[in-house]
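Comments concern the structure below.
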Amino acid sequence: MELYIDTANLSHIRECASYGFISGVTTNPSLLAKEDPKKDVKDIIKEIYATVGGHLSVEVNSLKTDEMLKEAEDILSWFPEATIKIPMLPSGLGAVSELAKRGIPTNVTLVFSPTQAIAANNAGATYVSVFMGRLDDIGMNSSDVLDDICEIWNVNEYDSSIIAASIRHPMHLLDAARSGAHISTVPYNVLMQSLKHPLTDSGVAAFVADYEKMKAAKAGK
Ligand code: G3P
């Protein structure tokens, strides 16, 4: 399972990119709104792409097919490798199928059910983003929903990739990997949490202490 970072925060993206374990970035209007409001969205997006390259999903804000397509053209003029993120609406599916005809990658977002996921795939989506945290928020079991969707993908041999999104904690990440999601897009804090283990920290501290003892002994201290 590939890992993407789900943020528009450049310093977090830069840091995780330097560790070499993420292969893409997903953004959305809410994540962009958290960044410097004086900065142009286009400039933030271009800077993110220049920093990491790889996958970068950029979301449209319009709700009508033709306006989504215009926005997509605009985003593609910023960098032609963009993946256009489109909400799971009938009008969104119209835009997805038109972009698919043009060979432009799309990421259908705000998917909460297997039937929505099937429709997104059939419209020609490249990526289908299933929101785990928000399902749990309304008392549903996100892991069961993702299991169903992954099984449907296997049985039908669909080509599109499933992105587990709205990841709130490392257990979501594990559930996504177990279900067979192709990608998880994960906020910075959860990515960093997922790297930590108390036994790693105590093990490193013990190795450092023993190394220092050895050095001191050699220096005759
Ligand atoms: O990738 C989708 C994600 O950004 C939504 O996460 O935590 O706002 O539900 P959340």
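The values are calculated or read from the model by the stated rules, or taken from the named source; none is laboratory data. Keep in mind it's a predicted model, so treat the numbers as computed, not measured. So basically every Cβ, Gly included, is an ideal-geometry build from the backbone, and we count neighbours across all protein chains shown.
Numbers at a glance
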read-out: Any helices (runs of 4 or more DSSP H) falling wholly within the range 75-162 and containing at least 2 residues that are away from the ligand (no atom under 16 Å from the Cβ) and more than 16 Å from residue 179 (Cβ to Cβ); value: 90-101, 114-123
read-out: Residue match in the range 126-133 (condition: surrounded by fewer than 17 Cβ atoms within 10 Å (Cβ to Cβ) and out of contact with any helix residue (DSSP H, G or I) (no Cβ under 8 Å at 6 or more places or on another chain)); value: no
read-out: Condition met for residue 42 (out of contact with any helix residue (DSSP H, G or I) (no Cβ under 8 Å at 6 or more places or on another chain), in a helix (DSSP H, G or I) and basic (Lys, Arg)); value: no
read-out: Residue in the range 9-23 that is within 13 Å of the ligand (Cβ to nearest atom) and either loosely packed, with under 14 Cβ neighbours inside 10 Å or under 19 Å from residue 189 (Cβ atoms) (or both) present; value: yes
read-out: In the range 180-221, the residues that are among the small types (Gly, Ala, Ser) and within 28 Å of residue 1 (Cα to Cα); value: 180, 181, 184, 194, 203
read-out: Candidates 137, 159, filtered to the one that is under 22 Å from residue 58 (Cα atoms) and surrounded by fewer than 14 Cβ atoms within 10 Å (Cβ to Cβ); value: 159
read-out: Residues satisfying the stated conditions in the range 163-175, i.e. in contact with a helix residue (DSSP H, G or I) (Cβ under 8 Å, 6 or more places away or on another chain) and within 12 Å of the ligand (Cβ to nearest atom); value: 164, 165, 166, 167, 168, 169, 172
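Per-residue answers, yes or no, for (1) surrounded by 15 or more Cβ atoms within 10 Å (Cβ to Cβ); (2) more than 21 Å from residue 104 (Cβ to Cβ); (3) charged (D, E, K, R); (4) at pLDDT below 95:
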{"residue": "6", "(1), (2), (3), (4)": "yes, yes, yes, no"}
{"residue": "60", "(1), (2), (3), (4)": "yes, no, no, no"}
{"residue": "66", "(1), (2), (3), (4)": "no, no, yes, no"}
{"residue": "69", "(1), (2), (3), (4)": "yes, no, no, no"}
